[in-house]
Amino acid sequence: QSKALGRNRYSFFEPAIGERLKEEMALFTHLRSAVKQRAFTLHYQPVLPQQPGLAPYAEALLRWPQGGSNASPGVFIPFAENHGLIEAIGDYVLDSACDFVARSRDAGLPQIVSINLSAKQLALGDLPAKLARQLQASGIDPSSVELELTESTLIQDLAAIGSILQELRAAGFRIAIDDFGAGYSSLNYLVELPVDKVKIDQRFIGSLAGNPRNQAVVEAILALARAIGVQTVAEGVETAEQLAFLRAHGCHYVQGYYLARPMPEADYLAFCRQSG
Ligand code: C2E
Ligand code: MG
Ligand code: MG
Ligand code: MG
C-alpha cells in the first residue's frame, strides 16, 4: 500500500516540479537577455507634498515591457534577487534614473527622483562608491536622489546596514524606509537606522475607511514620525477620503492612483508642467 502511495506521489508531483523548473529556467533566460539588452524602462509616479515648503518628486518604478503589457516588478524583482540578476538590474535603474534627473534639469524642469533599492544591493558593499561614480557620470547632485529600502527585505545585520546608510546620508542622499509597518521590527528600524522618511505601507492606507482601529494606527505612525523628525509619505492613496484623513493628520507627502498613476517620462513631465 505504501508502495502504491509512493508511486502515486511520484507520478503526481514529479511533472509539476518539472514544469515549475522549466518555467523558472525560461524566466531566467528571458530576464537575463532583457538585462543584456537593457529591455526595461522606468515609469515615474508623482509624490506630492501636503505641507508648505516641500517639493514634489517622482518615484522611479521599473517596467519590463512584454508585447503590450508589463511584467510586474513585484514578481520579477524578487526572482532577480534570488537568481543573481539584481545587481545588473539595479545598475540599469540607477543609470536611467540619474539620466532622467539630468535630462529634466537640462529641459528646465529639474526633478528629484526616488529609487527603490534591493537590500541585496546594499549588501554588496560598494554601493556608496557606485552611486558616487554614477552621479559624476550623469553630472547630478545627490540632493536630487532619494533611496528607498523596503522594510521587509532588510536583513538583520542592522549595524552594518546602518553604517552604509550613514555613509550615503553623509554623501547627501536622502533615505526612506518603504512599506513601513509591513515588516517584523518597524519600530526597531526607526531606532537603529538613520532615515529621513518613512513610506507607510499601502495596506494601512487602503483599509482606513470606516475602520477606527486602522485610523488610530496610521495616526500613531504619523505622530511618532513627527516626534522624531522623520517625514512621512502615504502610499496607495486611492480616494478623496483617504487624502483628507492624511492631510488632517499631518502626513507630509501622498502618492497613489487618486493623485496620479506611474507614467512614462514624457507624460510625467507633462504632468509637472500642468501642475507647476
Ligand atoms: P513600492 O516601491 O512600494 O512601489 C509602490 C507600488 O505601488 C508600485 O507598484 C506602484 O505602481 C503601486 N501603486 C502606486 N499607487 C498605487 C495605488 O494607489 N494603489 C495601488 N494598488 N497601487 C499603487 P509596482 O510599480 O508594481 O512595483 C511593485 C514593487 O516592486 C515596488 O513597491 C518595489 O518594491 C519593487 N520595485 C519597483 N521598481 C523597482 C526597482 O527599480 N528596483 C527595485 N529593487 N524594486 C523595484
Ligand atoms: Mg518604493
Ligand atoms: Mg519597495
Ligand atoms: Mg511601498
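What the table below lists for this structure:
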read-out: Extreme residue, positive dipole direction of the chain, given options Pro65, Ser138, Gly162 (C-beta unit charges); value: Pro65
read-out: Normalised contact order of region 165-209, rounded percent, pairs of Cα under 8 Å and 6 or more residues apart; value: 45 percent
read-out: Label-point gap, in nm, between Ala137 and Asp91 - each point 7 angstrom along Cα→Cβ; value: 0.8 nm
read-out: DSSP bridge orientation in the chain - percent antiparallel, rounded to nearest 5; value: 35 percent
read-out: Region 111-247 - charge dipole about Cα centre, Lys and Arg +1 at Cβ, Asp and Glu -1, debye rounded to 20; value: 120 debye
read-out: Pair Asn188, Ala55: separation of 7 Å Cα→Cβ label points (nm); value: 3.6 nm
read-out: Rounded to the nearest 20 debye, dipole of the chain from Cβ charges on Lys, Arg, Asp, Glu; value: 480 debye
read-out: Surface accessible to a 1.4 Å probe, per residue, for the residues of the chain, Å²; value: 51 Å²
read-out: Amide H contacts under 5 Å for Leu147, placed H, 5+ residues apart; value: Ile115, Arg174, Ile175, Ala176
read-out: Accessible surface of region 191-259, 1.4 Å probe, proportion on carbon and sulfur as whole %; value: 51 percent
read-out: The chain: relative contact order as a whole-number percent, Cα under 8 Å and 6+ apart; value: 18 percent
read-out: Contact order relative to length of region 193-271, as percent, for alpha carbon pairs under 8 angstrom and 6 or more apart; value: 31 percent
read-out: Diffusion constant of region 42-130 at 20 °C, which comes from Stokes-Einstein with the Kirkwood Cα-pair radius and 1.002 mPa s, µm²/s; value: 147 µm²/s
read-out: Amide H partners (placed H, <5 Å) of Ile112, local residues excluded; value: Ala58
read-out: Heavy atoms of Cys272: accessible area, 1.4 Å probe, square angstrom to 10; value: 20 Å²
read-out: Protein accessible area in region 46-144, 1.4 Å probe - carbon and sulfur %; value: 56 percent
read-out: Cα centroid separation - region 237-252 against region 185-205, whole Å; value: 18 Å
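The values are calculated or read from the model by the stated rules, or taken from the named source; none is laboratory data. All figures in this text were calculated on a predicted structure; none of them were measured in a lab. Note that we place each Cβ from the backbone using ideal geometry, even for glycine, and neighbour counts take in every protein chain shown. Just the protein is used for accessible areas: all its heavy atoms, side chains included, with ligands, DNA and RNA removed. Shrake-Rupley method; radii C 1.70, N 1.55, O 1.52, S 1.80 Å.
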